[in-house]
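The values are calculated or read from the model by the stated rules, or taken from the named source; none is laboratory data. Predicted, not measured: the structure shown is a model, and the values here were computed from it. Neighbour counts run over all protein chains shown; Cβ positions are idealised from the backbone, glycine included. When the accessible area is computed, the model is the full protein with side chains, heavy atoms only, and any ligands, DNA or RNA have been set aside. Shrake-Rupley method; radii C 1.70, N 1.55, O 1.52, S 1.80 Å.
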Amino acid sequence: MVLAQQGVKDPPVVPRHVAIVMDGNGRWAQQRGLPRTDGHREGSRVARTTVEHAIRRGVDALTLFAFSSENWTRPVEEVDVLMQLFLEALDSQARDLIENGVRLSFIGDRSTLSAPLQEDMARVELATSGNTRLRLQVAVSYGGRWDIVQASRQLAAAVGRGELGLDDIDEQAVSDRLSLAGLPDPDLFIRTGGERRISNFLLWNLAYTELYFCDSAWPDFSADHFDRAIDYFAACERRFGATSHQVRGGP
Ligand code: FPP
């Protein structure tokens, strides 16, 4: 009301960019007497329905944490199944992504991935590069600290070549070299599975993101859960360091 009276634009009700930690697959499977990898298979199906719901709700960008830098320490059989799932998902979903206007990109250290997976990633990225309806980023072999380190190396190399001076290194210069360069920071972060941690996801980009934690395991995450997270976001007052009075149009 105050916003409308003062002619201030209403804050967006739907987040432009949502980042999700899809946690709880292993526990979901174990509670059902199934191997952990069955939880990941179910999780892959839910990732797909979540992308569909993001499009339905008018979200512009969605970033999913599929495999962290630290997940390499898991039993080799579980890692193998996850890598196989990524390959299968790419092969089976590529056409759907193209038809639904999704532009898919991968973020993370690709040098650690198999050659076939790297090739499939590059192929689907190219095939979807002209799409504009939803930008989907899948983080594979990704860590927020890795991301900051790789951006720092790029900056150091540019200084070494004489292309940048020390004074040119500011927040924008770092942002421009991170994996999500060119995208707005996530407005809403969702983590399923009951834990309340960031777990080395998008450390830089989540500085002012609204955090939403959902106790359901990822395989149980539904459109209703997603809607509840969006409702939570819509009720948040985003101050970005300013006062409540200021964001409502006051001095
Ligand atoms: C975390 O649950 C989940 C993962 C490490 C893998 C996430 C992968 C998928 C959802 C499938 C593939 C996704 C795409 C985009 C094709 P956890 O295993 O840590 O569960 P726990 O905490 O119960 O052990």
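Restricting the search to the stretch 211-221, which residues are touching a residue at least 24 places away in the same chain (Cβ under 8 Å) and either in a helix (DSSP H, G or I) or surrounded by fewer than 19 Cβ atoms within 10 Å (Cβ to Cβ) (or both)?
SER216, TRP218, PRO219, ASP220
Exactly one of these conditions fails for GLY143: (1) surrounded by 12 or more Cβ atoms within 10 Å (Cβ to Cβ); (2) over 30 Å from SER92 (Cβ atoms); (3) not aromatic (Phe, Trp, Tyr). Give me its number.
Result: GLY143 passes all but (2).
Just to be sure before I move on: is ASP109 open to solvent by less than 80 Å² (accessible area, probe 1.4 Å), over 18 Å from the mean Cα position of the chain (by Cα), among the charged types (D, E, K, R) and more than 10 Å from the ligand (Cβ to nearest atom) in the structure I sent?
no
Just give me the residues in the stretch 165-186 being closer than 15 Å to GLN137 by Cα and crowded, with 16+ Cβ neighbours inside 10 Å, in sequence order.
LEU178, SER179, LEU180, LEU183, ASP185, PRO186
Out of (1) under 17 Å from VAL21 (Cβ atoms); (2) away from the ligand (no atom under 12 Å from the Cβ); (3) in contact with a helix residue (DSSP H, G or I) (Cβ under 7 Å, 6 or more places away or on another chain), what's the single condition that is false for ARG57?
(1)
Using beta carbons and a limit of 6 Å, which pairs, at least six apart or on different chains, have the first residue in the stretch 122-138 and free of Cβ contacts under 8 Å to residues at least 60 places away in the same chain and the second one of a type outside the set (A, V, I, L, M)?
GLU125/SER105; THR128/ARG103; ASN131/GLY101; ASN131/ARG103
Taking only the stretch 192-210 into account, find how many residues are aromatic (Phe, Trp, Tyr) and either surrounded by fewer than 14 Cβ atoms within 10 Å (Cβ to Cβ) or at pLDDT below 95 (or both).
Going through the stretch 192-210 one residue at a time, the tally reaches 1.
Considering only the stretch 18-37, state which residues are more than 6 Å from the ligand (Cβ to nearest atom), under 29 Å from ILE230 (Cβ atoms) and part of a helix (DSSP H, G or I).
Those that are more than 6 Å from the ligand (Cβ to nearest atom), under 29 Å from ILE230 (Cβ atoms) and part of a helix (DSSP H, G or I): TRP28, ALA29.
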